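To keep things clear, I will list the structure first and then write my remarks on it.
Each value in this text was obtained by applying a stated rule to the coordinates, not by laboratory testing. Since this is a predicted model, take the numbers as computed values, not measurements. Cβ placement follows ideal geometry from the backbone for every residue including glycine, while neighbour counts extend to all protein chains displayed.
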Amino acid sequence: MATFERISIKEKIGYALGDGAANIAWRGVATFLFIFYTDVFGLSPVTVGVLMLVARFSDGISDVLMGIIGDRTTSKYGKFRPWILWTAIPLAAILSLLFTSPDLGETGKIVYAYITYIFFTLIYTANNVPYGALMAVMTGDDKERTSLGSYRMVGAFGGGMLVQGALLFLVAYYGNVDPTISIDQLEDEKYKVVVSTHTDVENVNIKTEDGIANFTWDDRQMVSGENAPTHGKSFSMKANEDYTFIVEGEQNLTKDKITIIDQKRGYSNSMYLMSVFLAILMFLTFYSTKERIQPPKEQKNNLKQDFKDLIANKPWLVLLVIGLLFNVYNSIKQGIVIIYFTHYLNNQLLGASFLIGLMIASVLGAMATSPLGKKFGKRNLFIYALLFSGGVNALLFFCGPEDITAIFTIGIISEFAAAIFPTLFFAMLGDAADYSEFKNGRRATGLIYSAGSFATKFGGGIAGAIIGMILGAFHYSGQDASSIEGAIPGIIMLMSWVPALITVLAAGLMLLYPLTQKKLDEITLELQNRRLQEEKIIEQ
C-alpha cells in the first residue's frame with residue numbers, strides 16, 4: 001500500500017544528492033561570496049551587506065509563489081520532481097555567473113552583482129522549494145521522514161564539504177600565475193623579494209605559505225596610500241614588470257614558500273567546475289526519487305483557503321521564525337570563516353581544513369538526529385541543540401591566532417549540534433503539512449515548504465547585512481591591508497558571540513512549538529486511516 005511503503009536506501013541516497021547539489025550552490029555562496037565581493041571584485045562590505053539584504057526582500061513573495069506553483073503542477077513526473085530537472089542547468093549557470101568578474105566600473109560592478117545575485121535567489125527558489133516539498137510526498141510516516149531528513153542533511157553537508165573543502169585549493173591551482181621570484185636575504189628574517197609574471201593580472205594576492213611574514217613595498221611610489229607591514233599584499237601586475245617587497249618575520253624563506261594567486265581567475269574557474277557537479281547531482285536526484293502522497297481526492301484548488309489554513313497553522317508559524325533565526329546563525333558563521341582565517345589567523349588554506357572538519361561534524365550530527373529525536377522528541381532536541389551550539393561557539397571569543405587546536409575543537413563541537421537544526425527543521429515542515437491535513441482536511445505541501453526556502457535565503461540576507469555592517473563599522477576594506485588590521489575585533493565578534501546571541505532567542509521561541517511526539521503519532525495514525533478509507537472507496 002502506498003501510504004505505508006518504506007523508502008529504499010537507494011532512493012534516500014538519491015534524494016540526498018539533491019541537497020548535496022543545492023549546498024554546492026548555497027554554502028559556496030554563503031562561505032565565499034562575501035570575501036569574493038570585497039577582496040576580489042572590489043565592493044565595500046557595506047555595499048555587499050546592503051545587497052544581500054535588499055535582494056532578499058522579494059524572497060517572501062517568490063517562495064510563496066513557488067510553493068503555490070508546485071502544488072498546482074501536474075505532469076507525468078509528479079508535482080515537485082520535474083522542477084528539479086528543469087532548474088538543474090539554470091542553477092549551475094547562474095552560480096558560475098555569480099563568481100565571474102567582468103571588467104566594469106564601480107557602478108557597473110554593483111549593477112552586475114545585484115542582477116546576478118537576485119537571479120541566483122530566484123532560480124534557487126524554483127529548485128529548492130519543490131525539492132524540500134518532495135520529502136513530504138515521498139512518505140506519509142513522520143519517523144521515516146525524519147530518517148529521510150537525516151540522509152538529506154548528510155547529502156547537504158557532503159556537498160558543503162566538497163565546495164568548502166576543495167574550493168580554496170582549486171583557487172590556488174587555477175589561480176597560479178607561474179611567477180618569476182627572486183629572493184635576497186638582507187639580514188636574519190629579512191628579505192628583499194622581487195616578483196614578475198609574463199602576463200597582465202588584474203588582481204593577485206602575495207603572501208608566504210605559512211602566512212606569518214609581513215610584507216612592505218620596497219618602492220613606496222608603486223602603491224598609493226599607506227605602506228604598513230601586513231601579512232600579504234593585493235595588487236595588479238603588468239607583464240614583465242618587477243614588483244619589489246621587503247619581507248620580514250620568517251626564517252629560511254625560499255621561493256617555494258611564497259604564493260602568488262590570481263584570485264579572479266582562481267575563483268571563477270573553480271566555481272565553473274563546481275557548477276558541473278551541481279547539475280549532475282540534480283539529474284541523479286530526479287531519476288532516483290518517487291512521489292507517493294497525494295492531496296485528499298476531494299480537495300479543490302482554493303488559494304484563499306490555502307492561505308487561511310497556512311496562517312492558522314501554529315506549528316508552521318513557529319517554524320518559519322525559528323528557521324529564519326537558525327539560518328542567520330549558521331550564515332554568519334559560514335560567511336565570516338574565510339575572512340577570519342585569512343586576516344586573523346593569516347592562513348586561508350587552514351580555513352579549508354577547518355571547514356572540512358565542520359562538515360565531518362555536520363554529517364555526524366545529521367546522522368545522530370534521528371535516534372536523538374526519538375529519545376528526546378524533536379522540539380526538545382531542537383532547544384538543546386540551539387543552546388549547546390551557541391554556548392560552545394561563543395568560546396571562540398577567547399581564542400588567539402595561536403590557539404589552533406582550541407579553535408578547531410570549539411568549531412567542530414558547535415557544528416555537531418548546529419547540524420541538528422536543518423535536519424529537524426525540514427522534517428518538521430512535513431509534520432506541519434500533516435497537521436494542516438489532519439486539522440483542515442486539506443494539504444498544500446509546496447506552500448508550507450516555501451517557509452524552508454524563505455528562511456534559508458532571507459536568513460542568509462540578514463546575516464550578510466550583519467557581517468557587512470559590523471565590518472563596515474570597523475572600516476574593513478578587503479583590498480586595503482592596513483584597514484583589515486583595524487577590523488580584527490569585529491571579525492572576532494562575528495566569529496564568536498554575535499551569532500551565539502541568536503540561538504538563545506531561537507531556543508526561547510521554540511518553546512511555543514505545539515507538536516509533541518504523542519501528538520505526531522496521533523496525527524500519523526489518523527491520516528493513514530483516512531488514506532486507507534480513500535483507497536477502499538476507489539477500489540469499490
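Table for the structure above
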item: Size of electric dipole in the chain: Cβ of Lys, Arg +1 and of Asp, Glu -1, about Cα centre, debye, nearest 20; result: 2840 debye
item: Protection-proxy order for peptides 78-89, 425-436, each taking the mean of Cβ atoms within 10 Å per residue, highest first; result: 425-436, 78-89
item: ³J(HN,Hα) computed for each position of region 198-206 - Karplus, 6.51 cos²θ - 1.76 cosθ + 1.60, integer Hz, glycine/proline x; result: 8, 10, 6, 9, 5, 9, 10, 10, 10
item: Radius ratio Rg over Rh of the chain, counting only Cα atoms, Kirkwood formula for Rh; result: 1.02
item: Assigned charges on the beta-carbon of Lys, Arg, Asp, Glu; region 41-177 dipole about Cα centre (debye); result: 300 debye
item: Charge-dipole axis of region 396-515 as Lys and Arg at +1 and Asp and Glu at -1 on Cβ define it, positive-most pick from 493, 506, 483; result: 506
item: Cβ charges +1 (Lys, Arg) and -1 (Asp, Glu), total dipole of region 180-263, debye; result: 120 debye
item: FRET E, pair residue 287, residue 534, Förster distance 22 Å, beta-carbon r, rounded to 0.05; result: 0.15
item: Out-of-range pairs (alpha-carbon distance over 26 Å; input 76/518; 10/457; 233/255; 308/375; 143/333; 308/519); result: 76/518; 10/457; 308/375; 143/333
item: Gain in span if fully extended, residue 475 to residue 114, counting 0.36 nm per residue against the direct Cα distance; result: 127.7 nm
item: Mean separation of Cα contacts under 8 Å (6+ apart) over length of region 430-540, as relative contact order %; result: 27 percent
item: Label-reachable residues, region 161-205, where backbone N falls under 13 Å from a point 7 Å from residue 103's Cα toward its Cβ; result: 200-203
item: Computed over region 279-332, Cα set: Rg, Dmax in Å; result: 16.9, 45
item: C-alpha long axis of helix 517-539 to longest principal axis of the chain, angle in °; result: 60 degrees
item: FRET efficiency estimate (nearest 0.05) - Cβ-Cβ, residue 311 to residue 403, R0 60 angstrom; result: 0.80
item: Linear extension gain, residue 178 paired with residue 143, 0.36 nm per residue minus alpha-carbon span; result: 7.1 nm
item: Model label zone, residue 192; criterion: amide N under 13 Å from point 7 Å along Cα-to-beta-carbon; scope region 228-258; result: 243-247
item: Karplus (6.51, -1.76, 1.60) ³J(HN,Hα), θ = phi - 60°, over region 134-145, in Hz, Gly and Pro reported as x; result: 4, 4, 6, 9, 7, 7, x, 9, 5, 6, 5, 5
item: Radius ratio Rg over Rh of region 358-485, counting only Cα atoms, Kirkwood formula for Rh; result: 1.09
item: Fraction of the pair-distance distribution of region 174-283 above 19 Å, Cα-Cα pairs, percent; result: 48 percent
item: Mean Cβ count within 10 Å, highest first, over the residues of peptides 157-167, 38-48, 448-458, 523-533; result: 448-458, 157-167, 38-48, 523-533
item: Between helix 404-418 and the chain: long-axis angle, C-alpha atoms, 0 to 90°, nearest 10; result: 20 degrees
item: Cα→Cβ-extended label distance, 7 Å offset, between residue 505 and residue 61, nm; result: 2.5 nm
item: Cα-based helix-to-principal-axis angle, 59-72 vs the chain, degrees rounded to 10; result: 40 degrees
item: Among 387-393, 136-142, 177-183, the order from most to least packed when residues are scored by Cβ within 10 Å on average; result: 136-142, 387-393, 177-183
item: Filtered trypsin sites (Lys or Arg not before Pro), region 1-51: DSSP coil and at most 12 other beta carbons within 10 Å; result: 6
